[in-house]
Every structure is written in structure tokens, then in C-alpha cells.
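Structure first, then comments.
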Amino acid sequence: MSEDFVALLDHLKHLPSVALNIAAKHPSRVDKVFAFSPNYNTSGVMDTTLFPVFMTYIIRTISEYGRLSPHADLYDDFLNQIMQMWKGQPNWSEPFFSTINSTNVWVVDRDHEEAVFRSQQDDMARWLPNAGQLLLPQVR
């Protein structure tokens with residue numbers, strides 16, 4: 001059971017929205033947040049179908065899901081659920097961020113972002129006055 005829990009934590013650490021949500025709603029459970037390419041609402045997400053890197057990612061997930069999931073035949077259902085989630089979440093505004101202890105938060109993005117408008121990270125860094133903001137150069 002502990003291995004399953006560790007695997008879940010490993011998966012969740014790659015989801016900046018989950019980390020920020022837990023930091024806001026359960027602050028005693030979060031020590032630090034490294035939010036890579038986060039968005040705070042769906043209007044901050046670009047049309048990712050225009051970028052080859054993102055489409056390569058989607059194709060890669062098909063093979064990984066098939067290899068790792070005990071229900072490999074349900075990938076289409078999984079993808080549809082994820083797409084529905086991305087259409088409506090997250091949906092935060094400035095007051096949400098006031099509940100986060102921003103001392104231990106890093107808002108990070110790459111200079112060749114292909115999914116989230118940069119203004120999303122800039123707003124978050126402004127709303128989290130003690131947070132760090134980092135732009136990684138030459139990273140896709």
C-alpha cells in the first residue's frame with residue numbers, strides 16, 4: 001500500500017494545479033510548491049493543437065497508458081475525461097491565492113511555452129508576493 005501511495009504522490013507532483021489547490025485548502029499538508037507552467041483559469045490555455053511538442057506528448061501518452069494501465073483499452077475514455085477537466089479547471093482568481101503561504105512557492109515557466117499564456121504566471125507571481133518566479137531560458 002505504501003508503494004501505491006508513493007506512486008500517487010509522484011504523479012501528483014507533476015500537476016501544478018493540484019499542488020496549488022492543496023496549498024490553498026490544506027496548507028498544513030504542503031511544505032513547498034514548485035508550480036511548473038501553471039494556469040489559474042482556462043482562458044490562460046493556448047490552443048495546444050497548434051504546437052507539435054504538445055501533440056507529440058499526447059501521442060506518447062497513448063503508448064505509456066497502454067504499457068502502464070491495467071485498462072489499456074480505456075485510453076479514449078481517459079483522454080476525454082482529461083480534456084473535460086482541462087476545459088473547466090482550474091477556475092481561480094486573485095482572492096484564491098491570498099490563502100496560500102507564498103513563502104515556499106515557486107512559479108516557474110519556460111521561455112518557449114506552448115500551452116499556457118505567460119500572463120498567467122506573471123499574475124500568480126504578483127498575487128503571491130513572497131513567491132519566487134523563474135523563467136527557464138531555452139526550454140521547450
Residue pairs meeting the criteria (Cβ under 7 Å; at least 6 apart or on separate chains; first over 22 Å from residue 116 (Cβ atoms) and in contact (Cβ under 8 Å) with a residue 12 or more places away in the chain, in the range 48-71; second among the small types (Gly, Ala, Ser) and open to solvent by less than 70 Å² (accessible area, probe 1.4 Å)): 65/72
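Any residue at all in the range 58-76 that is within 30 Å of residue 127 (Cα to Cα), among the acidic types (Asp, Glu) and part of a helix (DSSP H, G or I)?
Scanning the range 58-76 turns up no residue that is within 30 Å of residue 127 (Cα to Cα), among the acidic types (Asp, Glu) and part of a helix (DSSP H, G or I).
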Residue pairs meeting the criteria (Cβ under 6 Å; at least 6 apart or on separate chains; first touching a residue at least 24 places away in the same chain (Cβ under 8 Å), in the range 114-139; second of a type outside the set (D, E, K, R) and surrounded by fewer than 13 Cβ atoms within 10 Å (Cβ to Cβ)): 114/53; 130/103
Within the range 48-58, considering residues that are within 29 Å of residue 93 (Cα to Cα) and open to solvent by 80 Å² or more (accessible area, probe 1.4 Å), the one farthest from the chain's Cα centre (by Cα): 50
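Condition check: surrounded by 12 or more Cβ atoms within 10 Å (Cβ to Cβ), in contact (Cβ under 8 Å) with a residue 12 or more places away in the chain and not in a helix (DSSP H, G or I). Does residue 39 satisfy that?
Numbers: surrounded by 12 or more Cβ atoms within 10 Å (Cβ to Cβ): yes; in contact (Cβ under 8 Å) with a residue 12 or more places away in the chain: yes; not in a helix (DSSP H, G or I): yes.
Considered against the rule, which asks whether it is surrounded by 12 or more Cβ atoms within 10 Å (Cβ to Cβ), in contact (Cβ under 8 Å) with a residue 12 or more places away in the chain and not in a helix (DSSP H, G or I), residue 39 comes out as yes.
From the residues in the range 82-113 that are touching a Lys or Arg at 6+ places or on another chain (Cβ under 7 Å) and not in a helix (DSSP H, G or I), which one is nearest to residue 22 (Cα to Cα)? Before the answer, list the steps.
First, pick out the residues of the range 82-113 that are touching a Lys or Arg at 6+ places or on another chain (Cβ under 7 Å): 104, 109-110, 112.
Subset that is not in a helix (DSSP H, G or I): 109-110, 112.
Numbers: 109: 20, 110: 24, 112: 28 Å.
The qualifying residue nearest to residue 22 (Cα to Cα) is 109.
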Residue within the range 70-78 that is within 28 Å of residue 23 (Cα to Cα) and open to solvent by 30 Å² or more (accessible area, probe 1.4 Å) present: yes
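Which of the residues that make up the range 117-134 are outside any loop (DSSP other than H, G, I, E, B) and buried (at least 19 other Cβ atoms within 10 Å of the Cβ)?
Step one: filter the range 117-134 for residues outside any loop (DSSP other than H, G, I, E, B), giving 118-127, 132-134.
Within the range 117-134, 120, 121, 123, 124, 125, 127 qualify.
The values are calculated or read from the model by the stated rules, or taken from the named source; none is laboratory data. All values reported here derive from a predicted model rather than from experimental measurement. Please note: Cβ atoms are built from the backbone with ideal geometry, for glycine as well, and neighbour counts cover all protein chains shown. For the accessible areas, the whole protein counts, side chains as well, though only heavy atoms, and no ligand, DNA or RNA atoms are used. Shrake-Rupley method; radii C 1.70, N 1.55, O 1.52, S 1.80 Å.
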